Amino acid sequence: MRTLTTSLAIAAGLLLVASRPVHGADRCGDPDLIETLPPTGATSVPTDASLVARYALSTDYLGEKVVLIEAGIEREVAALFDSSQGMLVVKPPEPLTPGTRFTIRWPALRGIGSATLGRGRSVEFSTGAGPDTETPSFDGVLTTRWNVERIHNACTDAAEERYVFDVKLAAANDDGGRASLTLVVFQTVGPQVGKSPRPVVTRAMPGGDAIVRVELPANEALGKVCFAAIARDLTGKISASGSKEVCTETIAPPFFQGCTFASTAAVGTTPTSAAAVVALMGSAAAAVLVRRRRRRPTNQG
């Protein structure tokens, strides 16, 4: 029942991706283009694909032109902007020509309340034989490990403590090519998670068995925390991996990591709390006393 509920909640959560800011994104840097789907040089792009450019979240879209070029012929195409993710999306009015090389010219955009232009990009890609027919193949999250790091916040120019999760992912593939997949990581359990899982990472799918970093403030990550992930192709089809959750249990700092108490654990595993260290030290001291008593010589007098 839990996996079915989670899977349905993930599907519902996908509807909320466009309305919730995503953790880990650049919220106050230059309004540059960060990545595109498909990426430059992509092949076998489905003829029914949408084309996506993700900008920094500090970006504003004021109707700048997006140009699609086929066989040297340029045409302006309509674009929709999702400000919560900094995503500019183009759905061509008719299917792309099969087996053809295209160039899309993504514009340089301004920052919010600023006249300063960021960087745009021209992206070349080639289409495959036809439309997308299969859902992405992806087994979702494999493992997760956590730690607490002191991170410099470029927006406030201050240091902050955050919980950092290294989320290991299974390999992904699709008939439109892995490079054209979008990864969405959801937090499914946590102190601020309600009935619908929260998207915490949205980005191009990394290659191989990758590790994606999720940074969360303490009020969103203390205690039991679970993650799930899906792959989404350029036609909106999603993998069936949303029902697979991986969980961990975090503790509040201060805690200790290192010395003899951490030497038996792999790097990056759950740190040892101060209370646990004291308990371990107490146990070790008791063991020493027992050994000393056993070695005490018998009084022959």
Item checked: Whole-percent carbon and sulfur share, accessible surface of region 31-156, 1.4 Å -> 52 percent
Check: Rolling a 1.4 angstrom probe over the protein heavy atoms, how many square angstrom per residue are accessible across region 202-251?
Finding: 38 Å²
Margin query: Tell me the net charge near Gly72. Cut-off is 15 Å between Cβ atoms, Gly72 excluded, with +1 for each Lys or Arg and -1 for each Asp or Glu.
Written below: 0
Notebook entry, point to check: For region 162-260, what does the alpha-carbon gyration tensor say about shape, rounded, prolate or oblate, given a ≥ b ≥ c as the root eigenvalues, a/c under 1.5 as rounded, and a/b over b/c as prolate?
Noted result: prolate
Item checked: Solvent-accessible area per residue, Å², over region 26-182 with all protein chains present [probe radius 1.4 Å] -> 48 Å²
Checklist line | Local electrostatic count, Tyr163, Cβ distance below 12 Å [Lys/Arg +1, Asp/Glu -1] | finding: -3
Checklist line | Solvent accessible area, Å² - Ser241, 1.4 Å probe, full protein context | finding: 10 Å²
Checklist line | Cut-off 9 Å between beta-carbons: net charge of the residues surrounding Pro217, Lys and Arg +1, Asp and Glu -1 | finding: -3
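The values are calculated or read from the model by the stated rules, or taken from the named source; none is laboratory data. From a predicted model like this one, the values you see are computed outputs, not experimental measurements. Every residue, glycine among them, receives a Cβ derived from its backbone with ideal geometry; neighbour counts consider all protein chains shown. In case anyone asks, the SASA skips ligands and DNA or RNA and just uses the protein heavy atoms, side chains included. Shrake-Rupley method; radii C 1.70, N 1.55, O 1.52, S 1.80 Å.
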